[in-house]
1. Scan segment 184-227 residue by residue and report those that are surrounded by 20 or more Cβ atoms within 10 Å (Cβ to Cβ) and touching a Pro at 6+ places or on another chain (Cβ under 6 Å).
2. Here are some conditions: (1) more than 30 Å from Thr133 (Cβ to Cβ); (2) surrounded by fewer than 21 Cβ atoms within 10 Å (Cβ to Cβ); (3) touching a residue at least 24 places away in the same chain (Cβ under 8 Å). Val181 meets all but one. Which one does it not meet?
3. Can you tell me which residue in segment 324-346 is surrounded by the most Cβ atoms within 10 Å (Cβ to Cβ), limited to those that are part of a loop (DSSP other than H, G, I, E, B) and touching a Leu at 6+ places or on another chain (Cβ under 9 Å)?
4. Please determine, by comparing only the residues of segment 147-197 that are of a type in the set (Ser, Thr, Tyr) and closer than 20 Å to Asn123 by Cα, which one is modelled with the lowest pLDDT.
5. Could you figure out which of (1) modelled with pLDDT of 95 or more; (2) not in a loop (DSSP other than H, G, I, E, B) isn't true of Pro238?
6. Any residue at all in segment 219-227 that is over 18 Å from the mean Cα position of the chain (by Cα), assigned to a strand (DSSP E or B) and of a type in the set (A, V, I, L, M)?
7. Give the residue that is modelled with the highest pLDDT, with candidates limited to residues of segment 83-141 that are assigned to a strand (DSSP E or B) and over 19 Å from Thr200 (Cα atoms).
8. Condition test on Phe273, is it under 15 Å from Val342 (Cα atoms) and at pLDDT 95 or above?
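The values are calculated or read from the model by the stated rules, or taken from the named source; none is laboratory data. Everything numeric in this text was worked out from a predicted model, so none of it was measured. Glycine gets a Cβ as well: all are built from the backbone with ideal geometry, and neighbour counts include every protein chain shown.
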Amino acid sequence: MRLTQKLAPLFVALVAALLVIPVVSKLHQNPVSANVQKQVQAPAQQSQSDAPAKTKQAKPQQPPAVGVTAPTNDNCASAVAVASLPFTDTTSNVGATTEASEPAPCGSIGATIWYSYTNTRPNPVDVSASTCTSPGTDTAIAAYKVTGAPCAFAGFVNVACNDDFCGGNGFQSQIGFTADVGATYKIQVGGFGGSTGSITLNITGVEQQPVVCPDIVVNGVMGSGSPDRPGFSGVITPSRLFRDGVASTCAVPKLTCPGTSGSGSFAFDAYPFTNASGQSQCVTVAFDPNPVGSPCGINAHAVVYLGNFNPANVCQFYLADVGSSATQSFSFTVPVGATFFVVINANVAGTGVGCNYKYTVRGNLCVQFDYCVQDDTNPRRFVLINSITGAYEAHDCSKGLTLSGTGGVATYFCKIELFDQGPNPKHPDRYVDVQVNPCTGVGDAAILFSGNLFVSLHDSNIHNNNCVCPMQPR
């Protein structure tokens, strides 16, 4: 009995050891199986947007197989030069690697290939880069503005990044950004989690028109508007616009409303603008939710509506939005003569009132003139005209008189005539007749400023005018 009691603990220990051995042995037989089965989470969206992280099955990154040749543009230093737009390139990223300290703003990216684009145009270019025609590869794209050496990653400024945007399974990518004049941008294309296969990259661009109108800078306080610009404030209810993390551009407009998010009452400020240029315009809004003072930060979103704004339906009249609550720009096309509303709204119901934000509107929205007739004998009298739209602006600076409007335009060989007469030919309340000849440089004008002031202007050289009222001495 005593011997049995002594042997019992030894027997229990032996059985336990036999049970553990097969499990340990199984783990050592396949040490990578757990890694292969692991579900890789898509990179979590920053708090600036509402888009949820997507769960995807990604391939584990592995070194290239023996005998596999890396693509010629595997490294940043050997990036394919994009000489002109549009541009298309199909390359397999099988065998591609990642360099030391290579940036990954969209999370898990590997097997990267590189492209380089320099804007040599005289104006900024709205660029779109897409792998949407590569349905077999789970891609990611990022674009960087180069501020130092061509491939010094520390000097790269990320201007756009996307993992999932398009394609049958939603795993292909598309980005949009504005390329500044003379600036160089590196475009990084790779596979999510090292996914490899054939990748077709399409890059398109739309050159912006020269901006001749002054920037419109608005400094606002949520719920109170701005002293810089007339507008109105209120609350959005029952829900606000969904922040999908993708900024609108003229080259890649959002064709549908991103949808709604949250519930409750969200403070907003709305500002109307009008395209008075006489032509369709690409307009850029540089959004800054982090100015001095008490910045709104992630609790501010910028949305643009065309023609009207309905705070009870944030998808009605939707035109564009910045996509997130980060300091960045977005652009959109405004038809001729159209009014649009820039709306800055809070992202958390019942909060945000009193926080500071800033945005700048850039675009040729103002009335533009391409000719001026200035009187040879009295330079304080002149008239500006737009030979396309018929807009005009006449000045008699010495008397402080201004007359503006829109007339009809006719062209005869090298001669252009703008004419605007009131409804009663015998007693017109308005009479403007401007004639310019760009070939000879001669201009003439007849203007009725009022019932008693009718002036005639003759300009022997329309190409040598300043057409600005001098400042009055104090």
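1. Of everything in segment 184-227, just one residue is surrounded by 20 or more Cβ atoms within 10 Å (Cβ to Cβ) and touching a Pro at 6+ places or on another chain (Cβ under 6 Å), namely Gln208.
2. (1)
3. In the first step, residues of segment 324-346 are kept if they are part of a loop (DSSP other than H, G, I, E, B); the result is 324-327, 335-338, 346.
With touching a Leu at 6+ places or on another chain (Cβ under 9 Å) added as a condition, the list becomes 335, 338.
Numbers: Pro335: 13, Ala338: 16.
Among them, the one singled out is Ala338.
4. Step one: list which residues in segment 147-197 are of a type in the set (Ser, Thr, Tyr), which gives 147, 173, 178, 184-185, 195-196.
Then keep just the ones that are closer than 20 Å to Asn123 by Cα; that gives 147, 178, 184-185.
Numbers: Thr147: 95, Thr178: 86, Thr184: 98, Tyr185: 98.
Of everything passing the filter in segment 147-197, Thr178 is modelled with the lowest pLDDT.
5. (2)
6. From segment 219-227, those over 18 Å from the mean Cα position of the chain (by Cα) are 219-227; that's our starting set.
Retained after the next criterion (residues that are assigned to a strand (DSSP E or B)): 219-221, 225.
Those still in the list that are of a type in the set (A, V, I, L, M) too: 221.
Yes, segment 219-227 contains at least one residue that is over 18 Å from the mean Cα position of the chain (by Cα), assigned to a strand (DSSP E or B) and of a type in the set (A, V, I, L, M).
7. Step one: of segment 83-141, the residues assigned to a strand (DSSP E or B) are 87-92, 109-118, 125-130, 139-141.
Then drop every residue that is not over 19 Å from Thr200 (Cα atoms), which leaves 118, 125-126.
On the way: Thr118: 98, Val125: 90, Asp126: 86.
The extreme case among them is Thr118.
8. Here the answer is yes, as Phe273 does meet what is asked.
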